[in-house]
Amino acid sequence: MKFVRTVLAILATSASSLAFAAPITVDGQLNDWIGSPHAKAADWTPLRATTVSSVEDQTGALGTYLNPGYGGQSYDAEAMYVEQNGGVLNIAIVTGLRPNNPQNPSGNSYAPGDILFDFNRDGTPDFGLVLTSTAGLKVGGLYAGTSWNVGLWSSPGVLADASHPSPYEVAVRQGSLLGMTSEVYTSTAVTGLGAYGSDSHYVIEAAIPIALFGSEWSRAMATGIDVSWSAYCANDIVQATLMPHAVPEPGSLALAGLGLAGLLRLRRRKR
């Protein structure tokens, strides 16, 4: 029986690995990232071990401190999920910021920033996926950035000024368009998610062809890639790091199946 349980465990692992390779649909739904929400902190747990995630769900009014700034639920960057599926990089972000929040700093209102990619992990992004037309760039376009818009804060809780500029990049200011991606930013709020069940959440989802990154992708994967997102104010920043990981190839799984069949035959002969 112990031998049979071992075989079944290996088969289950192989089957789940195949499930991990299934494509994720870019539809603004979270059911291919997390389970059904039950207004509990555990709602944020990803379905697959292959998903890299970062969760920092908070709540409160506009004066509530987040990190590095203030803004409460309206500017909360709550969760990020990142996963490589073959030749596609899938990303999901959950935030309390609605997609049409206006960029009006004089009115203390800030638009969503872009999804940024730091391929050198040196604190400065290299690429950005544009989510709004605030900077006059193509929404859904992946850009190799040459300059960046930054947030309000020089350090946590301290406003930036001419002597102490903000180090928090939030969006592409200028860059070269590499190509278009699939992306969606939902306008219908989701509730009942996470420990603060009455909060409204919006979902950003994207699928980026890895080929758009060119040769930089293979070089960067030696050390990992930092993926981050924030509103233009940088009141709150969510970041996840995609590190190299081994994904079983279909052929490897087939060989594993043949090996298991051989083990079973050998077991029968010994009996």
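What follows is calculated from the coordinates using simple rules that are stated; it is not laboratory data. All of these numbers come straight from a predicted model, not from anything done at the bench. Because the Cβ atoms are built from the backbone with ideal geometry, glycine has one as well, and the counts that use them run over all protein chains shown.
Evaluate region 215-228: report whether one residue or more is touching a helix residue (DSSP H, G or I) at 6+ places or on another chain (Cβ under 9 Å), crowded, with 17+ Cβ neighbours inside 10 Å and aliphatic (A, V, I, L, M). Checked region 215-228: at least one residue is touching a helix residue (DSSP H, G or I) at 6+ places or on another chain (Cβ under 9 Å), crowded, with 17+ Cβ neighbours inside 10 Å and aliphatic (A, V, I, L, M).
The set of residues in region 39-54 being assigned to a loop (DSSP other than H, G, I, E, B) and either touching a Lys or Arg at 6+ places or on another chain (Cβ under 6 Å) or hydroxyl-bearing (Ser, Thr, Tyr) (or both) consists of THR45, THR50, THR51.
Yes/no matrix, rows are residues, columns are (1) polar (S, T, N, Q); (2) on the phi > 0 side of the Ramachandran plot; (3) in a helix (DSSP H, G or I):
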| residue | (1), (2), (3) |
| --- | --- |
| GLY145 | no, no, no |
| ASN149 | yes, no, no |
| HIS164 | no, no, no |
| THR188 | yes, no, no |
| VAL203 | no, no, no |
| ALA206 | no, no, no |
| ALA211 | no, no, yes |
| ALA222 | no, no, no |
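Please enumerate the residues belonging to region 70-105 that are hydrophobic (A, V, I, L, M, F, W, C), closer than 17 Å to VAL26 by Cα and out of contact with any Leu (no Cβ under 6 Å at 6 or more places or on another chain). Full working, then the answer.
Within region 70-105, the subset hydrophobic (A, V, I, L, M, F, W, C) is 77, 79-80, 82, 88-89, 91-94, 97.
In the following step, the residues that additionally are closer than 17 Å to VAL26 by Cα were identified as 79-80, 82, 88-89, 91-94.
Within region 70-105, ALA79, MET80, VAL88, LEU89, ILE91, ALA92, ILE93, VAL94 meet the criteria.
Could you tell me whether GLN103 is surrounded by 20 or more Cβ atoms within 10 Å (Cβ to Cβ) and not β-branched (Val, Ile, Thr)? So that I can check it myself, show each step before the final result.
Details: surrounded by 20 or more Cβ atoms within 10 Å (Cβ to Cβ): no; not β-branched (Val, Ile, Thr): yes.
Against the criterion (surrounded by 20 or more Cβ atoms within 10 Å (Cβ to Cβ) and not β-branched (Val, Ile, Thr)), GLN103 does not qualify.
Would you be able to say whether some residue in region 61-70 is farther than 30 Å from MET180 by Cβ, under 15 Å from the mean Cα position of the chain (by Cα) and surrounded by 15 or more Cβ atoms within 10 Å (Cβ to Cβ)? Scanning region 61-70 turns up no residue that is farther than 30 Å from MET180 by Cβ, under 15 Å from the mean Cα position of the chain (by Cα) and surrounded by 15 or more Cβ atoms within 10 Å (Cβ to Cβ).
I'd like the full set of residues that are in contact (Cβ under 8 Å) with a residue 24 or more places away in the chain and over 20 Å from the mean Cα position of the chain (by Cα), limited to region 159-177.
SER166, PRO167, ARG173, GLN174, GLY175, SER176, LEU177
Can you tell me which residue within region 155-178, out of those that are in contact with a strand residue (DSSP E or B) (Cβ under 6 Å, 6 or more places away or on another chain) and among the small types (Gly, Ala, Ser), is surrounded by the most Cβ atoms within 10 Å (Cβ to Cβ)? Filtering first and then ranking leaves ALA171. Scanning region 98-142 for residues that are within 21 Å of TYR81 (Cα to Cα) and not in a loop (DSSP other than H, G, I, E, B) gives PRO112, ILE115, LEU116, PHE117, ASP118, PHE127, GLY128, LEU129, GLY141, LEU142. Pairs linking a residue in region 137-155 that is within 27 Å of GLY107 (Cα to Cα) to a residue that is in a strand (DSSP E or B) and of a type in the set (S, T, N, Q), with Cβ atoms under 7 Å and 6 or more positions apart or on different chains, are SER147/GLN174; GLY151/SER230. Close Cβ contacts (under 7 Å, 6 or more residues apart or on different chains) running from residues in region 42-67 that are within 12 Å of ALA79 (Cβ to Cβ) to residues that are of a type in the set (Phe, Trp, Tyr) comprise PRO46/TRP33; PRO46/TYR81; THR51/TRP33; THR51/TYR81; SER53/TYR81; VAL55/TRP44; ASP57/TRP44; ASP57/TYR196.
The residues of region 145-158 that are within 17 Å of ASP236 (Cα to Cα) and over 21 Å from the mean Cα position of the chain (by Cα), listed by number, are LEU152, TRP153, SER154, SER155, PRO156, GLY157, VAL158.
Scanning region 71-88 for residues that are crowded, with 19+ Cβ neighbours inside 10 Å and outside any strand (DSSP E or B) gives GLY71, GLY72, GLN73, SER74, TYR75, ASP76.
Yes or no, residue by residue, for (1) within 25 Å of THR188 (Cα to Cα); (2) under 19 Å from the mean Cα position of the chain (by Cα); (3) buried (at least 21 other Cβ atoms within 10 Å of the Cβ):
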position	(1), (2), (3)
ASN90	yes, yes, yes
THR95	yes, yes, yes
ASN108	yes, no, no
ASP118	no, yes, no
THR124	no, yes, no
THR134	yes, no, no
GLY140	yes, yes, no
TYR143	no, yes, yes
